[in-house]
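Read through the structure below, which is laid out as structure tokens, and then see the notes.
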Amino acid sequence: MVTDNLRSIIENTVPISNFNKGMAGKIFADVRSNGSKIVIKNNVPECVLMSPEQYIELMDKIEDMQLMLLAQKRMANDTSEKLHSADAVMKEFNITDGDLDGWEDVEIE
């Protein structure tokens with residue numbers, strides 16, 4: 001198990017000096033085909049290289065997690081007397097399903 005972790009670390013690190021040796025294209029191709037790489041400068045992690053797709057996926061996951069945490073916080077502070085059903089709101093404002101026909105569906109976050 002430890003050897004697998006060590007192997008993964010070794011295979012997924014790139015010395016920054018490789019960029020100065022004209023290997024940037026090879027490094028970027030490796031990131032595209034094999035995933036992210038950690039760039040090492042003076043034996044210290046300097047940055048992480050990842051494909052735009054990986055970055056977008058990561059940002060989407062972070063946004064989903066933030067929304068989930070916000071929803072959990074709201075649910076924890078919920079008092080049911082503050083809530084109104086869609087039917088009750090429509091009835092209170094005299095809105096029918098027919099009034100809503102032809103309108104686009106709206107996604108609420």
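The values are calculated or read from the model by the stated rules, or taken from the named source; none is laboratory data. Fair warning: this is a prediction, and the values are worked out from it, not measured in the lab. Glycine gets a Cβ as well: all are built from the backbone with ideal geometry, and neighbour counts include every protein chain shown. Note: accessible area is taken over every heavy atom of the protein model, side chains too, but ligands, DNA and RNA are not part of it. Shrake-Rupley method; radii C 1.70, N 1.55, O 1.52, S 1.80 Å.
Looking only at residues in the range 80-109 that are modelled with pLDDT of 80 or more and open to solvent by 100 Å² or more (accessible area, probe 1.4 Å), which one is farthest from Leu67 (Cα to Cα)?
Once the filter is applied, the top-ranked residue is Asn94.
I need a count of the residues in the range 1-29 that are loosely packed, with under 10 Cβ neighbours inside 10 Å and among the hydrophobic types (A, V, I, L, M, F, W, C).
Total meeting the criteria: 3.
Identify all residues within the range 54-79 that are open to solvent by 80 Å² or more (accessible area, probe 1.4 Å) and either touching a helix residue (DSSP H, G or I) at 6+ places or on another chain (Cβ under 9 Å) or more than 30 Å from Ser33 (Cα to Cα) (or both); write none if there are none.
If the condition is that a residue be open to solvent by 80 Å² or more (accessible area, probe 1.4 Å) and either touching a helix residue (DSSP H, G or I) at 6+ places or on another chain (Cβ under 9 Å) or more than 30 Å from Ser33 (Cα to Cα) (or both), then Met68, Leu69, Gln72, Lys73, Arg74, Met75, Ala76, Asn77 are the ones that fit.
Of the conditions (1) touching a residue at least 24 places away in the same chain (Cβ under 8 Å); (2) in a helix (DSSP H, G or I); (3) of a type in the set (A, V, I, L, M), Met59 clears all except one; give me its number.
(1)
Taking the range 10-26 only, how many residues are in contact with a helix residue (DSSP H, G or I) (Cβ under 7 Å, 6 or more places away or on another chain) and not in a helix (DSSP H, G or I)?
Residues that pass the stated criteria total 1.
Can you tell me which residues in the range 44-75 are among the polar types (S, T, N, Q) and either within 17 Å of the chain's Cα centre (by Cα) or under 19 Å from Ala24 (Cα atoms) (or both)?
Across the range 44-75, the qualifying residues are Ser51, Gln54, Gln66.
Taking only the range 30-53 into account, find how many residues are part of a loop (DSSP other than H, G, I, E, B) and open to solvent by 90 Å² or more (accessible area, probe 1.4 Å).
2
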